[in-house]
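Enquirer: This is the structure I want to talk about, given as structure tokens.
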Amino acid sequence: MRVTVRKIDNKEQEQVIIECVELTQEIKDIYTYAISKGIELSGAENGHIIKIKLEEIYYFEAVDEKLFAYTQNRVFEIKLRLYEAERAYAPYHFIRCSKSVVLNLMQLKSISPALNGRFLAHLKNGEKVMISRQYIGSIRETVFGGNIK
């Protein structure tokens, strides 16, 4: 694949153009990555409101009626419900993996079997998140095209 970058003078003219013979999963991932860059949401940490880049979020977790966004080494409270985060960020590779967690597949390193038909999602920051049996099918299909048992 050839990549070309041209410098331009006007910020309003900035764009990413993807030209492909076939719209493969790899091309879709590049597209998703490109459109997710620059998306920010607000989160609270120690009484301060902080802007968080969407691509830095590893997962969202609902705990006691509150939603938290986990980054590499920080946790922010988000003013959304889990289902709202799931819907809003599904186009950017966020997917439900349990009753209380929505996972950023772009931060997924690997998946391994756990007990009782569940799996563990190993994230790029070293954390592990449980994947419930109910959700493994959709993750299996999305990530591996169904090629995981």
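Enquirer: Counting each DSSP H run of 4 or more residues in the chain as -39500 (n - 2.57), what helix-only mean residue ellipticity at 222 nm follows after dividing by all residues, to the nearest 500 deg cm²/dmol?
Expert: Using -39500 (n - 2.57) per qualifying helix, the result is -6500 deg cm²/dmol.
Enquirer: Run the numbers on the chain and let me know its relative contact order in percent, using alpha-carbon pairs under 8 Å that are six or more apart.
Expert: Relative contact order of the chain: 13 percent.
Enquirer: Across the stretch 66-74, in residue order, what do the Karplus-derived ³J(HN,Hα) couplings come to in whole Hz, using 6.51 cos²θ - 1.76 cosθ + 1.60 with θ = phi - 60° and x for Gly and Pro?
Expert: 10, 10, 10, 10, 9, 9, 3, 8, 9
Enquirer: Taking +1 at the Cβ of each Lys and Arg and -1 at the Cβ of each Asp and Glu, which of His93, Leu108, Phe76 sits farthest along the dipole of the stretch 8-112 towards its positive end, judged by Cα position relative to the Cα centre?
Expert: Phe76
Enquirer: Starting from the Cα gyration tensor of the stretch 63-134, take the square roots of the eigenvalues, sort them a ≥ b ≥ c, and report rounded, prolate or oblate (rounded when a/c is under 1.5, otherwise prolate if a/b is larger than b/c, else oblate).
Expert: Prolate.
Enquirer: Enumerate the whole-percent occupancy of each 10 Å bin, from 0 to the last occupied one, for all C-alpha pair distances of the chain.
Expert: Here the calculated profile for the chain is 10, 36, 32, 18, 5, 0.
Enquirer: Could you tell me the relative contact order of the stretch 20-93? Use alpha-carbon pairs under 8 Å, at least six residues apart, and round to a whole percent.
Expert: 24 percent
Enquirer: For the stretch 15-61, what number results from the quotient of the Cα radius of gyration and 2.2 N^0.38 Å?
Expert: Normalised Rg, Cα atoms only: 1.58.
Enquirer: Please turn the phi angles of the stretch 86-102 into ³J(HN,Hα) values with the Karplus equation 6.51 cos²θ - 1.76 cosθ + 1.60 (θ = phi - 60°), one per residue in order, whole Hz, x for glycine and proline.
Expert: Once rounded to whole Hz, the list reads 4, 5, 5, 10, 4, x, 10, 6, 9, 9, 5, 10, 6, 4, 10, 10, 10.
Enquirer: Okay, next question. What's the magnitude of the charge dipole for the stretch 1-92 around its Cα centre, counting Lys and Arg as +1 and Asp and Glu as -1 at the beta-carbon? Answer in Debye, nearest 20.
Expert: Its charge dipole is roughly 260 debye.
Enquirer: Applying a 10 Å radius around every beta-carbon, put 85-98, 12-25 in order of their mean neighbour count, most first.
Expert: 85-98, 12-25
Values quoted throughout were computed directly from the atomic coordinates according to the rules given, and no laboratory measurement underlies them. The structure displayed is predicted, hence computed values, not measured ones. Quick reminder, even Gly has a Cβ in these numbers, built from the backbone with ideal geometry, and neighbours come from all protein chains shown.
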